[in-house]
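Here is the structure we will look at, set down as structure tokens.
The values are calculated or read from the model by the stated rules, or taken from the named source; none is laboratory data. Predicted, not measured: the structure shown is a model, and the values here were computed from it. Backbone-built Cβ (ideal geometry, glycine too); neighbour counts: all protein chains shown. Ligands, DNA and RNA are excluded from the accessible area calculation, which covers all protein heavy atoms including side chains. Shrake-Rupley method; radii C 1.70, N 1.55, O 1.52, S 1.80 Å.
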Amino acid sequence: MTAKPSLAVMGAEPRFGELLPVGQFYWPQWEGYEKAARGIFSRRYYTAQRFAGPLVVQFQQRLQEFLGVKHAIAVRNATNGLMIANYTLGLQGKVIVPSWTFIATIQALLWSNCQPVFCDIDPESQQMSLASVRSLLEGGEIKGILGVHLWGNALLVNELEMLAEEYGVALYYDAAHAFGCRVNERAIGTFGRAEVFSFHATNILSTAEGGCITTNDDALASKLRAMRGDHVSGTGVAMQSATARMSEIQAAIGLMMLDDFDRNRQNNKEQHHTYEKRLSAVPGIRILKHSDVTNSNFQNLVGVVDSSEFGLTRDELLVVLKAENVAADRHFYPSSHAVSPFADIAREPGQLDHTESAARSTFQLPIGARMTDDAIEQICDIVREAHVHSESIKSLLAPLAAT
């Protein structure tokens, strides 16, 4: 008698009736949301032309207290925040940035007429490689470094800041993945000239869509507010505006999500540990660790496939998961350096080897508000069974790969 198939890609019913997406998707309770919305309606403005609304002001103050930073400037989204930071720092010319990042990081540089110079990543942590950064700095003409904290982990910030000081270049950060993370108990958001957070719904602190720029530099903060679209009287600041003010309803959501932050972080941590425990025994699957922070937000469950041990490539595993209604994600694919107009730029052989390897082998699994322990157990079973049945799955997928 033929054994009944256990995986949907082999003919079984999908494990999940609805798609499980990658992302945090934490959200406040309806009662609190309704109360905040009624308050905004009664005050009858959504954004202010000259001053931030009362909820935006309160949200910024709460962020400053939470992070231990002098200025938190709320903006419409993180891409706006990066655009404003690039421009306000006065950067023109070449800026070092990892190719292994969300394409909006690179687009923000282009908007500011900066030229991205791509560095490689560390193969274990997938953070920017300090050796790669130093090599690019030694080539000269570099005006700044845009560091990117990935996956609820952080760059080696102290070492990177020493490098920036040694070569006399500006250092600032894209901290989209790193809200609530700490390095030796110092919060991400307090490093460099400025840091930019994303409050997109896929991140642990959500305003549905939003972000903020943090800095301890008073003069820079005034310029950032002016470019956000505020009227900053008495500062002598006159510059172009990005009109990127955060709305009152975004701030209301952010305030409620700050109240829930510790609980949501703990939920992420428990889910992350369940994944690690269950997947550690699967040959060819490595879960990235948060080794460079003393506190992580655990918002990303990131794995790397070694196809020689697992039996399937990363993309073949994603086909298996998709058939089960698990929306596992390649995320930074293709890497920024592989898309137009950067793909035709000449580079040294091997300059981005680790980035290209990560682009072939890295995946994300769902973690956050929509996940349960049972769902995580089932996803881990799917990954394990994909390894066990890898030869059969390869045979099934081969005709698709040929078309």
Inset, instruction - Please give the per residue volume of the convex hull enclosing the alpha carbon atoms of the range 3-91, rounded to a whole number of Å³. - result: 229 Å³
Inset, instruction - Give the cross-link partners of Lys94 among the lysines, using a straight C-alpha distance below 18 Å as the criterion and excluding same-chain residues fewer than 8 apart. - result: Lys143
Legend entry - Nearby aspartates and glutamates by direct alpha-carbon distance to Lys223 (threshold 17 angstrom, same-chain neighbours under 8 apart not counted): Glu195
Inset, instruction - Would you mind putting 317-323, 18-24, 337-343 in packing order, based on average other-beta-carbon counts within 10 Å, highest first? - result: 317-323, 18-24, 337-343
Legend entry - Degrees separating the helix 261-279 axis from the principal Cα axis of the chain, which is the longest one: 30 degrees
Inset, instruction - Pop a pseudo-label 7 angstrom from the Cα along the beta-carbon direction at both Phe41 and Asp315 and give the gap in nm to one decimal. - result: 5.0 nm
Legend entry - Potential extension, Tyr33-Ser340 segment - 0.36 nm per residue separation minus Cα distance: 106.3 nm
Inset, instruction - Straight distance only, please: which lysines reach the Cα of Lys269 with their own Cα at less than 21 Å, same-chain residues fewer than 8 apart left out? - result: Lys277, Lys289
Legend entry - Extended-chain gain in nm, criterion 0.36 nm per residue less alpha-carbon gap, Ser307 and Glu209: 31.6 nm
Legend entry - Sequence of Asp218, Asp259 from largest to smallest accessible area, 1.4 Å probe: Asp259, Asp218
Inset, instruction - With only alpha-carbon atoms counted, please give the Rg and Dmax of the range 215-323, in Å. - result: 22.2, 65
Legend entry - Karplus-derived 3J(HN,Hα), 6.51/-1.76/1.60, for each residue of the range 327-336, Hz, glycine and proline x: 7, 4, 10, 7, 6, 7, 9, x, 4, 4
Inset, instruction - Sort 128-136, 292-300, 72-80, 172-180 for me by packing, meaning the mean count of neighbouring Cβ atoms within 10 Å per residue, highest on top. - result: 172-180, 72-80, 292-300, 128-136
Legend entry - Average Cα contact separation per residue, the range 156-202, under 8 Å, 6 or more apart, as relative contact order %: 37 percent
Inset, instruction - Over the chain, calculate the relative contact order: mean separation of alpha carbon pairs under 8 Å at least 6 apart, over the residue count, as a percent. - result: 24 percent
Inset, instruction - Taking the chain as the reference, fit the longest principal axis to its C-alpha atoms, fit the long axis of helix 314-323 to the helix C-alpha atoms, and give the angle between the two in degrees, 0 to 90, nearest 10. - result: 80 degrees
Inset, instruction - Mind jotting down a quarter of the surface of the convex hull over the alpha carbons of the chain, in square nanometres, one decimal? - result: 21.8 nm²
